[in-house]
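The values are calculated or read from the model by the stated rules, or taken from the named source; none is laboratory data. Worth saying up front: this structure is predicted, and the values here are computed from it rather than measured. Glycine also receives a Cβ, built like all others from the backbone with ideal geometry; neighbour counts cover every protein chain displayed.
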Number of protein chains: 4
Amino acid sequence: MSAPARRGFASDNASGIHPEALAAIAAVNSGHAFGYGHDPYTRAVEERLADAFGGAAGVFLAFNGSGANVVGLRAACRPWEAVICADTAHLNVDEGGAPERIGGIKLLSVEGEHGKLTPALVEPLIARIGDEHAVQPRVLSITQATELGTVYTTDELRALAALAHDHGLLLHVDGARLANAAVTLGLDLHGASTGCGVDLLSLGGTKNGLLAGEAIVVMRAELTEPLRYLRKQSLQLASKMRFLAAQFDALLSDSLWQRSAAHANAMATRLADAVGRLEGVRITRPVQANAVFAVVPPAVTRALLQQFDFYVWDEAAGEVRWMCSWDTTEEDVEAFVAALRECLLARR
Amino acid sequence: MSAPARRGFASDNASGIHPEALAAIAAVNSGHAFGYGHDPYTRAVEERLADAFGGAAGVFLAFNGSGANVVGLRAACRPWEAVICADTAHLNVDEGGAPERIGGIKLLSVEGEHGKLTPALVEPLIARIGDEHAVQPRVLSITQATELGTVYTTDELRALAALAHDHGLLLHVDGARLANAAVTLGLDLHGASTGCGVDLLSLGGTKNGLLAGEAIVVMRAELTEPLRYLRKQSLQLASKMRFLAAQFDALLSDSLWQRSAAHANAMATRLADAVGRLEGVRITRPVQANAVFAVVPPAVTRALLQQFDFYVWDEAAGEVRWMCSWDTTEEDVEAFVAALRECLLARR
Amino acid sequence: MSAPARRGFASDNASGIHPEALAAIAAVNSGHAFGYGHDPYTRAVEERLADAFGGAAGVFLAFNGSGANVVGLRAACRPWEAVICADTAHLNVDEGGAPERIGGIKLLSVEGEHGKLTPALVEPLIARIGDEHAVQPRVLSITQATELGTVYTTDELRALAALAHDHGLLLHVDGARLANAAVTLGLDLHGASTGCGVDLLSLGGTKNGLLAGEAIVVMRAELTEPLRYLRKQSLQLASKMRFLAAQFDALLSDSLWQRSAAHANAMATRLADAVGRLEGVRITRPVQANAVFAVVPPAVTRALLQQFDFYVWDEAAGEVRWMCSWDTTEEDVEAFVAALRECLLARR
Amino acid sequence: MSAPARRGFASDNASGIHPEALAAIAAVNSGHAFGYGHDPYTRAVEERLADAFGGAAGVFLAFNGSGANVVGLRAACRPWEAVICADTAHLNVDEGGAPERIGGIKLLSVEGEHGKLTPALVEPLIARIGDEHAVQPRVLSITQATELGTVYTTDELRALAALAHDHGLLLHVDGARLANAAVTLGLDLHGASTGCGVDLLSLGGTKNGLLAGEAIVVMRAELTEPLRYLRKQSLQLASKMRFLAAQFDALLSDSLWQRSAAHANAMATRLADAVGRLEGVRITRPVQANAVFAVVPPAVTRALLQQFDFYVWDEAAGEVRWMCSWDTTEEDVEAFVAALRECLLARR
């Protein structure tokens, strides 16, 4: 098998493995190590990640983002407890019903603003406390950066954490793209999440350049025992864990996470700047991370999809998503903008 | 991070990645490819695997063995249907309750003979058909090679398949070590499983030298749609699927699966031959794949564990498990036998 | 223990057992009968109910309404399939998360109009068909009469059934108060539900005067086997089933269901007419069944609750619910209206 | 509908409602009362039941026995925790997979002795503590009286409680026939269960003469909040709760529970004495409660089933179960024995 030639803006998981991550895998590939995380690599990277989040109570590596989210929320919720999230949350729309079927968790979703929640949106859902006929809100889950390419400021995070904590809820972050958010905020991973009161998070590695790998980071000591059992039970415990560990070690070395995310964000900005000037293109969301959302005429979208992969986000609205990655090049952006320009002109 | 120096007989998943599998990952690591299996690598390897199993109806790559088992059984069972398995089945004792909690499936377990079931053992469990107070048996699940290092002959497989099919059940194989069984039987993967009437199986890649990767192989067309949804919902759908595909492609190339399994089996035979001659060691299970089970005096076990990793299988009985892998060397075996001999002598 | 003196408008389940239903229980209370529905009473009433719904494929008696709903929906949905419902549906807000935790079913809720859905509201939720990342809509569930006291016309039912069937969905009715709706429409139970294309329904007995008892009625033969197993597994299979059967037999005899529902509806109309004329009271929902919703000044609500039981529906809006029952008397209504008038006057 | 003429020994739930229980229902059947247990009857009987069990921390009325068991065990177990029980436990063989599918709980079953467990049988199952690959035993569940008509002595209960508590487990009792056991032991309900260290139990009402009704009794205060939510979520919360309460009130009044159980037990003893003397009948289990198990020639069983209802317990062994109830009469016993004698003679 040989590598694909096609390039595009479909998703940050359409990119391959960052060379430094692949090298890290190769570097630990000899000899024997106990499986399931009982090896020195895993223990070391768990500590390193705990430190990176300002002293987390526990770190649990997992295979993928849906897995990290579902395991984390299963640990947080008793059977009658619910999770508040935005209607656009990955949890709510892209995990195949796993929160409900695998976790048994009811999601209480509310329409966000460009994927973001505010205390005013959340508060009405914290209701009917003590009434056994209603699920009891236990977790407020947000996405940082959001599925719509926006980023919570630290003030916004703190306000949501305060609301959650005032009502005895935990604040959970789906951080599949936490690196991109941190870069936008000019902060480290802790600063963009746990430093503002986040209790539990899924840290994405895959979209940040790993082969596969996410980390559940938890600030609450009482959740570490549940997480250990639930990761296994939820089918997210890798046997050859050292290779997940090595990848995260690479991510934390020489700020790889930051370099990759900064590049992806920069490419998105570049793309947005270029397409924003084109007649017939309307940027629909603040471009704060590595995604550009835009409305384009349907015929243009169809023509452009012949040359580049990307997703139609909202068929009815004609909204598309263009996602940049650690390996998106300036040439990619330029070629794409040129093609888009051509398609727009051809349409007149 | 650098590779571990320690060697042992803890598990075939204590070994690393076969160089050919790692090379295959690197070979597809450039450019962009749609995620979640919608890429040409995955499609190609799905076909190749389907062919290797005599024309499977569907092939679904997954992260790990518990995942492949649970997804497969979820697809096969309606909510009131049960799975018959041996008491020693991985499903029953090593998946953290996932079949029950994640799959909602009751396991009807029966004591096997060195990990193997027979029609006579299974038939009494196919009972109370049509009685809504009792779960209804739907799947007979066996492990090939078993958790106790034994291998079903093709006659034994055919007899179990006949029993299952006569009662309208499916025959499922947990094939985490199917390669080892096939080598023992002198057959290909199909011959050691689906060729004898197996309807659904989990094909192990990880223990056969991959970083991570298993394949759900299904012979029944009606299960392909459920498997597609349930793999995603059960948190087993990888985004950068091409890297799982590339590993399986390597496994099927130049018979890598066979070379690796044959080597592991040969090392186990060599080990069994050597330790079987030592006074104070009693081999407890037929050595038919890559595992050696033995009873050794507890003090010897304790001393030996200082030097080599392995698992105590049954504390009360003093039974231990020594597992060989694709990368176990003759030197490993010799060093281990020498150490065991010394520990036995020291004990007199 | 002796009967309570207090009367009110809290719920139709705050009333006791209709004397005819209690007499029916007593009438079958001697001798022995096989449990779990294998008795002649149950078989007879199952047939009688099937006839009442125009020839249902199956009828399954259950303990309570949440049970009937969850069992019915479990039978209809495969693990990755979802149920569309109104945000105010009992399923969504009053079943303690049972659809999700017990059924594993994701509810796709949408804001209704006085508790009712329309094709225009539902259609956008029938999306992403075939995409394994998203749950697949399988059932459209509505409530007849709704939780807000409104009733679907037969045209409205037919339009929703057509939409559902066009997309391969089933139309489910939570008919906890189907009797009330049928009376409003001047139709029999079939006419107000299955006659208009409903595939699956929960028929309420408890709120219509039974001690306890609901019936799952299904028009699709392929769901009868699942329903039989799932009723048992979902903890809804009564052992002394003849007493549930006898109650439903009473309900169908001399149109008890109709007499009771007509009376309750009439009392609600009377109540609405009377309070609608009072200054300071605003009726908020069309009064089409046995419930009256109104906005009343909070101080009045507080004062009135000293004398009569009823529920505050929406604290923030000051909206209350007054529910009439088969045993609500004209005197109850008059006393209540008088008390309300007094509370309103006292407030000036 | 009129009452059935047929009599038999099928089950204690083939009997109807004890007249005192039915009278109690009628006595509270007027006026309005809040639903779902928020009424004075329920509160009173909860207290009365708590007292009857030596000061229980909580009492929760439920619809049926499977429901009471599943709700109780759900409250006790976190998602990775398991329940140890006898292979013959109702939980394990007669609840349609509800513990696994509804509760998500793996049952660790072990072959009992006439339905009873001993510390020696249980202890080996308390293993692999702290190993996330294995479910963690949390509850030891026994049945008192057992499904095989035997009764645990108080010494046996205390020994099991001690074992459970020493390992941090809870002792749960399925007390569908606790009344029968208490009568056998000459103790009150507390003495035969919670007085010996039982932490959590299902108290059967239905088999003891109620229309329907069971009570979950819990000695651990920390389980009362979970039980409240889980009863609702598990579809076991009755709306017109006062009628369940009234029945339990009757059961506790003038020792109705005791009178009924004593009568049933006496009839079983009488039956066992009579049939035990017949040639061709072999009593197979100690007759300690209200059940008689016997081996009878299959042809005799077939002939006898023409006249009386009862269950074949073990087809292969020719073992049948004859169950006596509160309403079994001496005439029933005599007629049955006479018929059995005739069938035996006819067979020669």
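Within segment C:289-300, if we keep just the residues that are farther than 12 Å from C:Met323 by Cα and in contact with a helix residue (DSSP H, G or I) (Cβ under 7 Å, 6 or more places away or on another chain), the residue that is surrounded by the most Cβ atoms within 10 Å (Cβ to Cβ) turns out to be C:Val300.
The helices (runs of 4 or more DSSP H) found entirely in segment B:57-113 that carry 2 or more residues being away from chain C (no Cβ under 14 Å) and surrounded by fewer than 24 Cβ atoms within 10 Å (Cβ to Cβ) are B:90-93. Within segment D:47-65, the set of residues being more than 17 Å from D:Glu222 (Cα to Cα) and over 19 Å from the mean Cα position of the chain (by Cα) comprises D:Glu47, D:Arg48, D:Asp51, D:Gly54.
Name every residue in segment A:114-156 that is away from every other protein chain (no Cβ under 14 Å) and among the acidic types (Asp, Glu), in order of residue number. Give the derivation first.
The first filter runs over segment A:114-156 and keeps only residues away from every other protein chain (no Cβ under 14 Å), leaving A:114-119, A:121-122, A:140-146, A:148-156.
Across segment A:114-156, the qualifying residues are A:Asp155, A:Glu156.
For segment A:38-92, a tally of residues being within 24 Å of A:Pro124 (Cα to Cα), out of contact with any strand residue (DSSP E or B) (no Cβ under 7 Å at 6 or more places or on another chain) and free of Cβ contacts under 8 Å to residues at least 40 places away in the same chain returns 1.
Among the criteria (1) under 30 Å from A:Tyr311 (Cα atoms); (2) outside the structural domain of B:Leu160 (by TED's automatic domain parsing); (3) among the polar types (S, T, N, Q), the one B:Asn13 does not fulfil is (1). Are any of the residues in segment B:208-222 of a type in the set (S, T, N, Q) and surrounded by 24 or more Cβ atoms within 10 Å (Cβ to Cβ)? Yes, the conditions are met somewhere in segment B:208-222. Each residue in segment A:265-302 was checked for being more than 20 Å from the chain's Cα centre (by Cα) and in contact (Cβ under 8 Å) with a residue 60 or more places away in the chain, and 8 of them qualify. Only one entry of A:Thr301, A:Thr269 meets the criterion of being more than 20 Å from A:Asn13 (Cα to Cα), among the hydroxyl-bearing types (Ser, Thr, Tyr) and in a helix (DSSP H, G or I), and that entry is A:Thr301.
Only one of the numbered conditions (1) over 24 Å from C:Arg177 (Cβ atoms); (2) assigned to a helix (DSSP H, G or I) is not met by C:Asp332, and that is (1). Only a single item in (1) closer than 29 Å to A:Ala181 by Cβ; (2) within 14 Å of another protein chain (Cβ to nearest Cβ); (3) in contact (Cβ under 8 Å) with a residue 24 or more places away in the chain; (4) more than 22 Å from the chain's Cα centre (by Cα) is not met by A:Glu315, and it is number (3). What's the number of the only condition in (1) surrounded by fewer than 24 Cβ atoms within 10 Å (Cβ to Cβ); (2) assigned by TED's automatic domain parsing to the domain that holds B:Leu211 that B:Ala33 fails to meet? Looking at each condition in turn, B:Ala33 falls short on (1).
Looking at D:Gly97, D:Gly130, which is the one that is within 30 Å of C:Leu61 (Cβ to Cβ) and modelled with pLDDT of 95 or more?
Details: D:Gly130 fails: within 30 Å of C:Leu61 (Cβ to Cβ).
The conditions single out D:Gly97.
Listed conditions (1) more than 22 Å from the chain's Cα centre (by Cα); (2) under 20 Å from B:Val218 (Cβ atoms); (3) within 9 Å of chain A (Cβ to nearest Cβ) are all met by B:His38, apart from (3).
Could you tell me whether segment D:5-26 includes any residue that is charged (D, E, K, R), touching a residue at least 24 places away in the same chain (Cβ under 8 Å) and at the interface with chain C (Cβ under 7 Å from one of its Cβ atoms)? The answer is yes, given that some residue of segment D:5-26 is charged (D, E, K, R), touching a residue at least 24 places away in the same chain (Cβ under 8 Å) and at the interface with chain C (Cβ under 7 Å from one of its Cβ atoms). Checked against the criteria, B:Gly72 does not count as over 19 Å from the mean Cα position of the chain (by Cα) and of a type in the set (Gly, Ala, Ser). Among the residues of segment A:225-245, those that are more than 7 Å from chain D (Cβ to nearest Cβ), of a type outside the set (Phe, Trp, Tyr), assigned to a helix (DSSP H, G or I) and crowded, with 24+ Cβ neighbours inside 10 Å comprise A:Leu227, A:Arg231, A:Arg242, A:Leu244, A:Ala245. Residue-level check: of (1) farther than 20 Å from B:His90 by Cα; (2) assigned to a loop (DSSP other than H, G, I, E, B), B:Asp51 misses just (2). Taking the criterion of being buried (at least 24 other Cβ atoms within 10 Å of the Cβ) and closer than 25 Å to C:Phe60 by Cβ, the residues of segment C:257-278 that qualify are C:Trp257, C:Ser260, C:Ala261.
Annotation note: Cβ proximity below 7 Å between a residue of segment C:115-140 that is more than 17 Å from A:Glu315 (Cβ to Cβ) and a residue that is hydroxyl-bearing (Ser, Thr, Tyr) and surrounded by 15 or more Cβ atoms within 10 Å (Cβ to Cβ) (sequence gap 6+ or interchain) occurs for C:Gly115/C:Thr88; C:Gly115/C:Thr143; C:Gly115/C:Thr146; C:Gly115/C:Thr150; C:Lys116/C:Thr146; C:Lys116/C:Thr150; C:Lys116/C:Tyr152; C:Glu132/B:Tyr229.
The residue that is surrounded by the most Cβ atoms within 10 Å (Cβ to Cβ), counting only those in segment B:141-190 that are under 20 Å from B:Arg285 (Cα atoms) and polar (S, T, N, Q), is B:Asn180.
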